[in-house]
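Participant: Below are the structure tokens for one structure; questions will follow.
The values are calculated or read from the model by the stated rules, or taken from the named source; none is laboratory data. Note that the structure is predicted; figures quoted are calculated from it, not measured. Using ideal geometry, Cβ is built from the backbone for each residue, glycine included, and neighbour counts are taken over all protein chains shown.
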Amino acid sequence: MTRVIIESPYAENNGLTVDDHIFYAQKCLLDSLMRQETPFASHILYTQVLNDLDKNQRELGMRLALKWYEVADLCAVYQDLGISKGMRYGMDCAKEIGLTIEYRSIGNVCEKNVGRGLRSGDW
């Protein structure tokens, strides 16, 4: 199985909330799983225990996430909602170590699901 780093937006921007971006990231994870990949989305996992609004905790999460890049096979950039500063940082790190970057689109699933989050019935 292919180990995949998921890059998608997290912070509020372009009228979308963190919850909207989490919903989108969940759809990205599902897309990756359906491709028989083993995805990892540090921005969704680590923000459950680290405060993304705290500069030191955000930098800690980003720095530690980079260790996963060293063992990943692919960096999947889900670009439907744009490419954020954090995503660009991850992409730059992937390029630096020679990790393949693949750009993906699944559509703007947030437009009709703003603020809903992903529930098990949505799968």
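Participant: Which ones in region 52-81 are of a type in the set (Val, Ile, Thr) and farther than 11 Å from residue 7 by Cα?
Facilitator: Hit for region 52-81 is 71, nothing else.
Participant: Would you check if residue 84 is surrounded by 13 or more Cβ atoms within 10 Å (Cβ to Cβ) and under 12 Å from residue 5 (Cα atoms)?
Facilitator: For residue 84, the condition - surrounded by 13 or more Cβ atoms within 10 Å (Cβ to Cβ) and under 12 Å from residue 5 (Cα atoms) - is not met.
Participant: Continuing with this model, one more query. Just checking, how many residues over region 1-31 are in a helix (DSSP H, G or I), in contact with a Pro (Cβ under 8 Å, 6 or more places away or on another chain) and over 14 Å from residue 79 (Cβ atoms)?
Facilitator: Final tally of qualifying residues: 1.
Participant: Right, another one. So residue 38 passes all but one of these: (1) among the β-branched types (Val, Ile, Thr); (2) in a helix (DSSP H, G or I); (3) closer than 19 Å to residue 103 by Cα. Which condition number does it fail?
Facilitator: Unmet condition: (2).
Participant: Moving to a separate point now. Closer than 15 Å to residue 29 by Cβ, modelled with pLDDT under 95 and among the hydrophobic types (A, V, I, L, M, F, W, C): which single residue out of 118, 66 fits that description?
Facilitator: Values: 66 fails: closer than 15 Å to residue 29 by Cβ.
The conditions single out 118.
Participant: Now a separate question. Kindly establish whether residue 72 is small (Gly, Ala, Ser), at pLDDT 95 or above and in a strand (DSSP E or B).
Facilitator: Against the criterion (small (Gly, Ala, Ser), at pLDDT 95 or above and in a strand (DSSP E or B)), residue 72 does not qualify.
Participant: Right, another one. Please state which one of 3, 35 is in contact with a strand residue (DSSP E or B) (Cβ under 6 Å, 6 or more places away or on another chain) and of a type outside the set (Gly, Ala, Ser). Steps first, answer last, please.
Facilitator: Working: 35 fails: in contact with a strand residue (DSSP E or B) (Cβ under 6 Å, 6 or more places away or on another chain).
Sole residue among the options that is in contact with a strand residue (DSSP E or B) (Cβ under 6 Å, 6 or more places away or on another chain) and of a type outside the set (Gly, Ala, Ser): 3.
Participant: While we're here: In region 1-51, what residues are without any contact (Cβ under 8 Å) to a residue 60 or more places away in the chain, closer than 15 Å to residue 69 by Cβ and in contact with a Phe, Trp or Tyr (Cβ under 8 Å, 6 or more places away or on another chain)?
Facilitator: Result: 40, 42, 43.
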